[in-house]
Every structure is written in C-alpha cells, then in structure tokens.
1. About the Cα centre, and with charges only on the beta carbon of Lys, Arg (+1) and Asp, Glu (-1), how big is the dipole of the chain? Nearest 20 debye, please.
2. Return the distance in nm (one decimal) between the two label points of a simple spin-label model at Ala22 and Arg164, each offset 7 Å from Cα along Cα→Cβ.
3. Going by C-beta contacts inside 10 Å, put Lys232, Lys133 in order with the fewest on the left.
4. Find out how many positive minus negative residues lie around Val315, taking Lys and Arg as positive, Asp and Glu as negative, among other residues whose Cβ is under 11 Å from that of Val315.
5. Could you give the C-alpha radius of gyration of segment 192-311 expressed as a fraction of 2.2 N^0.38 Å, taking N as the number of residues it contains?
6. Set the Förster distance to 35 Å, then compute FRET efficiency between Thr61 and Ser3 from the Cβ-Cβ distance, nearest 0.05.
7. Using only the alpha carbon atoms of segment 258-300, find the Kirkwood hydrodynamic radius as the inverse mean reciprocal pair distance, in angstroms to one decimal.
8. Suppose we look only past 15 Å in the calculated P(r) of segment 66-147. What percent of the Cα-Cα pairs does that tail hold?
Amino acid sequence: MLSVSQLLEQADVRAAHEQIVATDDQTLVDQIGLTEIPAPPFGEELRGRRMVELLVEAGLTDVHQDGVGNVLGVRPGAEDREPLVLSAHLDTVFPAGTDVTVCVDGDVLRAPGISDDARGLAALVAVARALSKAGITTRRPILFAATVGEEGRGDLRGVRHLFRAEGTASEAAGFISLDGAGLDYVVTRGLGARRFRVVLRGRGGHSWNDWGTPNPIHALGRAVGALAAWPKPTEPALSLTVARWGGGTSVNAIPSEAWVDLDLRSESSRRLDDGEDRLRAVLDRSVAEENSGVTGQAGGLHLEVSVVGNRPTGVTDLDSPLVEAALAATGAAGAEPRVTAASTDANLPMSLGIPAITLGAGGSAGAVHTTDEWYRNEDGPVGIQRALHTLLLVSGVG
C-alpha cells in the first residue's frame, strides 16, 4: 500500500486534495442547507431528494433513491471489481416539528443535526466533487450512499437494505461511514444494541374503590429499580438505559397500561443475550409479585416484551488494509489515531465479515443528539481530506 505522501505525489490526487480546501465554503453551505431540511425518523424523503441533486452536481452517475429511500450514486472504476462504499446517513434523532434553523454564533453553527449527520453528508458530497474535478479514476468502483434509518428506531434499515442478499452493496470490498465531526477517531468495533418496548396491561380502576388491583406502573417501577441496581458487567461491558416510560390516564385512576423503552449495549453478542435473559427474568418476577394477590388471570397484569431494535456487533481487524489506510491517513492529517467502538451504519457490514470503519468528517462538535447541537469548522477540510486519502489508499488510483 502506498503512503499518503506517495499518494500526493500524483498530480490528480494532489488536485483533489487541494480542491477540498478550495471548496470548503461550499461544503459549509451544503452542510447548513441539509441541516435545515428536516429528516426525522422515517421522514428522510426531502433531504434525500436534495442529496440526489448534490451528488448529480458532484459528477456521480446513476444517482437515484432505492426502494427504502437510500440515495445512491456511482463513480465507475478502472477495473470491474467489487465496489468500495462511502456512506453517511440522512436521518436525525429529532421528531417531526423540531426547529432545525441553523444559528451562526461567531465561528460556531448551532442546530439539531448540524454535526450528526449533516457534516457527514456534506463531506460525502465534497469527496465526490473533488474526485470529479480532479478527474481521478480509482481502480475499484466507488458507491456513494446516503442511508436512511441509522438512528434509533430506524434500526439500520437503510444499510440493511444495501447489504441484503441481492442488495447493491452485498459484495462490497469495504465500507466507510462518515458520521459526525472529528479528526482522530477510527471506529473498528461495532457496539451492538438491543432495544425493547415493554408494555404491561391490566384492568385498571378507581384509585380508592379498586385499590389493590394490580398496578402496571407499580410493577414497572419495581422492575426498573431492580434493573438500575444491576452491577455493571465488565470485560466485555454491558450498559442498560431506561430511555422512556409512561402510562396512566388520570391522577385518581389505577392505570390499565404502562410502558417503558429499554436499551442494552455491548460489543459482545453473548453479553447482549445474557442481558436480555436477565431483563426478561426481572420483568417476569416483578409482574408475578404485583399479581400475587390475584386469583385467576382475568384481574392480573399481562406482560408484552417487543424487540424494537437489534443492531449487530462486529469487528474489523486492525491489520485490515482498510484500517491500516485510515490510521495512515489520520497520522498524515496530524492527528493521533484513536481506535474505538461505536454503534453506526458500519455495524452491519462488520457483522457480515465485510471490512468496515467509521470516521469523523473533520471539525469539532458537541451536545450531539440534543437541540443545542453545535459544530465548529476547525480542521474541517482536513477531516474530509482524511476520508479522501483513506478511500484512495484502499481503492487504488487507476
């Protein structure tokens, strides 16, 4: 594999490298414009249409939206080989109706989703634009993908569609996700996540006249307390988050229904299995305790546990050419590489044995997944150059 310095000795690569700096203002305009197009969970259509326009303008061919809404475009390679995928995600965590107007505060841009993942999307366009302007032909084809459903209840539905048995990327040689800001991290381990909606239903009743009727909130409260008291498993670690809960209709009524959303995370699928078994056992015990004074089934609580998300674990070996390229490109960018784990679109190809990593797209950011999210463009172009160099080191230059 070439080094980054050797790569930059080639005139066309150097031109693409310089193009990223020359068009940085346009990249920020793209980032702001994409941020201000709402893309709530399962509502990415409008932002997807804009990405189609931007990728066509950036010189890609066969740009289109697939059956689930992913935006795809291709740069053909010099050789008929498996493609390398460069990806960012369209969706945000914010519900419909969230104000996504970008506020400029000096050198800081503030808006929900300005970093995660409008930055990745703008970087995706910037890399495509630089390759086209410089006239670079890579050896492998490059599939550019803006995916739906990376966040929350989306459960990686866009990238799952790409990698299904007959999908566009089912035989990809590698996968690079651009997700948020940053210059140093290289995600090589997929943090698995298993998410549950727990619903308890009973007959409910009057808070005085029916006092003693099994109360689903009492049962859930008991279960949540027991779950929160778990000792934290280590090596491999397992986290449990009680994310949301609710139920009931009135202050003077025993509720007939209550619910809670739970999130388990680990780098180990075995640990996730163990965590799920323990979670279900705690819920069963809590319901049994609440039902202990009830004769027969009619007056008791009924438990329903649904898996609403199952993000697989995975690992890309450190000696993979893709990881070696990313580490080299990070060092050449002047940053100390930080190899880490995260839950991103790269989880899915990792789980299939396809080399996959996630990179930040330059700049710095904070308050991610909150309405106070912000982005600052320090070393922004350098982060996009890092992505370009990683891509070219792996794909080869024709």
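1. Details: 35 positive and 52 negative charges, 177 e Å.
Its charge dipole is roughly 860 debye.
2. Result: 4.2 nm between the two label points.
3. Ascending number of Cβ neighbours within 10 Å: Lys232, Lys133.
4. Values: positive: Arg189; negative: Glu267, Asp317.
Around Val315, the charge tally is -1.
5. Values: Rg = 15.4 Å, N = 120, 2.2 N^0.38 = 13.6 Å.
Taking N as the residue count of segment 192-311, the ratio is 1.13.
6. On the way: r = 31 Å, r/R0 = 0.87.
In this case the efficiency is close to 0.70.
7. 12.3
8. Details: 2191 of 3321 pairs.
Counting pairs separated by more than 15 Å, the tail of P(r) holds 66 percent.
No value in this document is a laboratory result; all are computed from the given coordinates. Predicted model only: the values in this text are computed from it and were never measured. For neighbour counting, all protein chains shown are included, and Cβ atoms are generated from backbone atoms with ideal geometry for every residue, glycine included.
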